[in-house]
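To start, the structure under review is shown below, and the notes come after it.
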Amino acid sequence: MEKTTRALTCIVCPRGCQMQVTLEDGVPVSVCGNICPRGKTYAEAECTHPVRTLTSTIRLQDGRILPVKTNGAIPKHLLFDAMDIVGGLHPAAPVALGQVILQNLLDTGVDVVATADAE
Amino acid sequence: MKTVTTDLVVIGGGPAGMSAALAAYDQGIRDILILERDNALGGILRQCIHNGFGLHRFGEELTGPEYAARDAIRVKELSIPYMTDTMALSLSPDLEVRATSQTNGIFKIKAKAVILAMGCRERPAGALGIAGNRPAGVYSAGTAQKFVNMKGYMPGRDVVILGSGDIGLIMARRMTLEGAKVHAVCELMPYSGGLARNIEQCLNDFDIPLLLSHTVTRLHGKKRLEGVTIQKVDENRRPISGSEQYIPCDTLLLSCGLIPENELTTEAGIALDRVTSGAIVDQDRMTSLSGVFACGNVLQVHDLVDFVSEEAAIAGKAAANFIKNQKTPPISVSLNAGDGVRYTVPQIVTEAKDVTVYFRVTDVQKDVRIALYDGDTCLLSKKKISVAPGEMETLSLSPEVLKEANGKTLTIKIERKD
C-alpha cells in the first residue's frame with residue numbers, strides 16, 4: 001500500500017481553504033484544512049475525477065452574444081471538447097435565462113443553459 | 001432645461017445601485033430614479049459570465065449575469081423607475097443631478113437624497129509608465145472581457161497578463177478556453193492580488209505560470225504588439241538589471257488595480273479618502289455632503305459583489321430614513337487606520353448602533369490579532385489565522401463601545417499574537 005499526500009486549494013468558495021489530502025493507493029482516505037464539508041467533497045473528487053463548471057458564450061442566429069453555463073460540473077479533461085461543441089450552438093432568439101440550449105453535453109448528463117435573457 | 005423632482009436618485013444601475021434602490025423601496029420610498037449609462041441594468045456583472053457570485057447572499061453559485069438578473073427582476077417587478085442609456089453629468093451641492101440621454105437631451109433632477117453607485121474603473125496603461133512603443137494589442141483585462149464576452153471578438157492569440165487581480169486571472173482562463181495561448185501572468189508584488197481559488201482554477205488548471213515579483217518593463221512592436229520584456233523586481237519593486245526576458249506576444253492584458261470612479265463626487269465638493277479614493281463616509285455611508293450617500297466600488301473596491309450589495313443596502317436604507325427625516329441624535333467617533341491597516345470604511349460614526357467596520361491590511365501576515373484602541377487602551381480584539389491585503393477584514397463595534405467613545409478617535413491595528 002502506497003501512502004501519499006496532496007496539497008489542494010479549494011475552489012468551492014472565495015475563502016480558498018488550503019487542504020491536505022491523504023491518499024492510499026490513489027484513494028483519498030482523509031482530508032484536512034477544510035472549514036466546511038463542501039471542501040472535503042471537492043478534495044475527494046479532485047483526487048479521483050476532477051470536475052469543473054464551464055461558462056462561455058454562444059452567438060445567436062441574429063449575431064448577438066449570449067452567456068451560457070453547464071448546469072453542473074463536467075469532467076475537467078472534457079473542457080476543451082465542450083468548448084468546441086458550445087461554440088457551434090447558434091439558437092434563434094428569444095432565449096430565456098435558464099433555458100436549456102443543449103441537453104446532455106458530451107454524454108455527461110449535464111445541460112448547457114442560458115445565463116441571461118435575449119428578447 | 002427640463003427639470004424633474006424625485007425623492008431619491010441612484011446614480012448607477014449595477015449591483016450597488018440596484019441593491020440600494022431596492023433597500024430604499026423596502027423602507028417605503030417609492031419616488032426613486034435609477035440612472036444607468038449602459039443599455040441595460042446590471043453594470044459590470046453583465047460581462048462577468050463566469051460563476052462564483054452570490055454564495056454569501058443567495059447561498060448558491062451564480063454567474064455574473066444571473067446575479068444581476070436577481071436584482072434587475074425585482075427592480076422591474078416593483079416598477080422602480082430607471083433610465084438606461086442615461087449618463088449623469090454632474091451633481092451640485094444642493095442635490096441637483098444633471099443628466100443626458102439621446103431621448104431626453106440634457107435634463108435636471110432635483111432630489112431629496114442621492115446615492116452614488118458609479119462603480120470603479122481599471123487602472124489604465126497610461127498610469128503604469130511602461131517603456132517602449134504604444135502599439136495596438138494592449139488592453140485592460142476588463143476591456144478584453146467585454147470584447148470576448150459581450151461582443152464576441154478575440155483581442156489576440158498570444159497573451160501576457162500583467163497583474164494578478166481576479167479579472168486578470170479570470171481572463172487568463174477565458175482566453176485559454178477560447179483558443180489563445182496565455183504565456184504568463186506577471187505580478188509586481190511577492191503575492192497574488194487575486195483569490196486563491198482563481199489561481200487554482202484559472203491558472204493551475206491550464207498550466208499558466210504565475211510569475212511573482214515580476215513586471216513588464218518594455219513593449220515591443222510598432223503597429224501591433226510583438227512582444228514584451230519582463231523583469232524580476234527587488235523588494236522595493238524596482239526591476240533587477242540582468243533579469244530581462246523577452247516574451248513574444250500580440251496581446252498584453254492589464255489587471256493592475258481598480259480605482260473608484262469619483263468625478264461626480266469630486267465636482268460636488270465631497271471629501272475623499274486618499275487611500276480608498278472613495279468618499280469619506282459615516283456608518284450609514286453618508287458622505288460629507290448631507291443627503292448624498294456612496295456605496296459599492298465607488299466607495300471602496302470590494303472583493304465580492306455580495307459585499308457590494310450588502311453595503312449598498314445599508315446606504316439605501318439610510319437614504320430612505322434621511323428622506324423620511326428620522327435622524328437620531330448624533331455622536332461623533334473617528335476611526336483611524338493604525339499599524340498594519342490601510343484604511344477603514346466607515347471613517348466616522350455618528351450614531352451609537354451596531355456598526356461593522358470594513359478595512360484592509362497592509363501586508364500578508366499570519367497569527368495576528370485585530371485590535372481596537374482608544375489611545376493606549378485596548379477596547380477589544382479578535383484573533384485571525386491569517387490576513388492579506390487582497391481580503392477585506394471586518395470588526396464589529398457595539399452601541400456601548402461607540403457611546404463610550406463619543407468625541408474620540410478609535411484606532412484599528414494589526415498586532416502579532418503572543
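Descriptive notes on the structure:
- Taking 4.7 Å between C-beta atoms as the pairing limit, chain A has these partnerless cysteines: A:C13, A:C32, A:C36, A:C47.
- Ordering B:V148, B:L188, B:I199 by Cα displacement along the dipole of the range B:124-256 toward the positive end leaves B:V148 in first place; charges were set at the Cβ atoms of Lys, Arg (+1) and Asp, Glu (-1).
- Charges were assigned to the Cβ only: +1 to each Lys and Arg, -1 to each Asp and Glu. The resulting dipole of the range B:181-239 about its Cα centre is roughly 460 debye.
- Computed over the range A:69-119, the alpha-carbon pair-distance distribution with 10 angstrom bins reads 25, 56, 18, 1, each value a whole percent.
- Equivalent-ellipsoid semi-axes for chain A (Cα gyration tensor, √(5λ), whole Å, largest first): 36, 15, 10.
- Sum of -39500 (n - 2.57) over DSSP H runs of 4+, divided by residues of chain A (222 nm, nearest 500): -5500 deg cm²/dmol
- Average accessible area per residue (Å²) across the range B:74-138 - probe 1.4 Å, nucleic acids and ligands excluded: 51 Å²
- Interface of A with B. Using a 1.4 Å probe and counting protein heavy atoms only, the two chains hide about 2200 Å² of accessible surface, both sides summed.
- Taking all pairs of distinct alpha-carbon atoms in the range B:334-416, Kirkwood radius in angstrom: 12.7 Å
- Here the Kirkwood formula, the inverse mean of 1/r across different C-alpha pairs, assigns the protein assembly as shown a hydrodynamic radius of 24.9 Å.
- Residues along the range A:59-107 losing 10 Å² or more of accessible surface when the other protein chains are present rather than the chain by itself (probe 1.4 Å): A:R59, A:I65, A:P67, A:K69, A:K76, A:L79, A:F80, A:M83, A:L97
- When the listed pairs A:K69/B:K76; A:K76/B:K223; A:K40/B:K384; B:K76/B:K146; B:K181/B:K222 are checked against a 28 Å cut-off, the alpha-carbon distance exceeds it for A:K76/B:K223.
- Where B:D7, A:D81, B:D207, B:D376 fall by accessible area, highest first, once all protein chains stay in place (1.4 Å): B:D376, B:D207, A:D81, B:D7
- For the range B:212-255 versus the range A:71-95, the spacing of their alpha-carbon centroids is 35 Å.
- Cut-off under 5 Å, modelled amide H: who pairs with B:Y191 long-range: B:S213
- Electrostatic bookkeeping for B:K110 treats Lys and Arg as +1 and Asp and Glu as -1; over the other residues with beta carbon under 9 Å from its beta carbon, the sum is 0.
- Average other protein chain Cβ within 10 Å of Cβ, residues A:11-21: 5
- Members of the range B:33-74 that become less accessible by 50 Å² or more once partner protein chains are added (1.4 angstrom probe, chain alone as reference): B:I49, B:L55, B:E66
- Ranked by solvent-accessible area (1.4 Å probe, protein heavy atoms only, all chains present), the residues B:E122, B:E235, B:E393 order from largest to smallest as B:E235, B:E122, B:E393.
- Legend: residues B:K417, A:K69, sorted from most to least accessible area (1.4 Å probe; ligands, DNA and RNA excluded), read B:K417, A:K69.
- Accessible surface, per residue, of the range B:334-416 when the full set of protein chains is kept, probe 1.4 Å, Å²: 48 Å²
- Each Cα pair under 8 Å and six or more residues apart adds its sequence gap; the mean of these over the residue count of the range B:124-256 is a relative contact order of 33 percent.
- Alpha carbon convex hull of chain B, volume per residue in cubic angstrom: 155 Å³
- Compactness check for the range B:124-256: Cα Rg over 2.2 N^0.38 Å is 0.96.
- Distance violations [Cα-Cα > 31 Å] among B:K324/B:K383; B:K383/B:K408; B:K353/B:K382: B:K324/B:K383
- Over 21 Å [Cα-Cα, the range B:273-418], rounded percent: 42 percent
- Over 19 Å [Cα-Cα, the range B:173-232], rounded percent: 38 percent
- In angstrom, the C-alpha Rg and Dmax of the range A:3-48 are 9.6, 31.
- Calculated [θ] (222 nm, deg cm²/dmol) that DSSP helices of n ≥ 4 give over chain B, each run adding -39,500 (n - 2.57): -5500 deg cm²/dmol
- Packing rank of A:48-61, B:43-56, where each peptide gets the mean count of other beta carbons within 10 Å, highest leading: B:43-56, A:48-61
- Portion, in percent, of the accessible area of chain B that falls on carbon or sulfur, probe 1.4 Å: 48 percent
- Nonlocal amide H pairs with B:V357, under 5 Å, H built at 1.01 Å: B:L395, B:S396, B:L397
- Positive minus negative residues near A:G87 (Lys, Arg vs Asp, Glu; Cβ under 9 Å): -1
- Neighbouring partner chain Cβ atoms per residue of B:141-149, average, 10 Å criterion: 1
- Each Lys and Arg contributes +1 and each Asp and Glu -1, all at the Cβ; summed about the Cα centre of the range B:57-98, the dipole is approximately 60 debye.
- Counting only protein heavy atoms and a 1.4 Å probe, the range A:55-114 has 46 square angstrom of accessible area per residue.
- The protein assembly as shown - share of DSSP beta bridges that are antiparallel (%, nearest 5): 65 percent
- Take every pair of alpha-carbon atoms less than 8 Å apart whose residues are at least six positions apart; their mean separation over the length of chain B yields a relative contact order of 15 percent.
- Between the range B:98-173 and the range B:20-81, the alpha-carbon centres lie 20 Å apart.
- Electrostatic dipole magnitude of the range A:1-82 [Cβ: Lys, Arg +1; Asp, Glu -1; Cα centre; debye, to 20]: 400 debye
- Prolate/oblate/rounded call for the range B:264-331, Cα gyration tensor, a/c under 1.5 rounded: oblate
The values are calculated or read from the model by the stated rules, or taken from the named source; none is laboratory data. Model, not experiment: these values are computed from the prediction. No Cβ is skipped: glycine too gets one built from the backbone with ideal geometry, and neighbour counts run over all protein chains shown. For the accessible areas, the whole protein counts, side chains as well, though only heavy atoms, and no ligand, DNA or RNA atoms are used. Shrake-Rupley method; radii C 1.70, N 1.55, O 1.52, S 1.80 Å.
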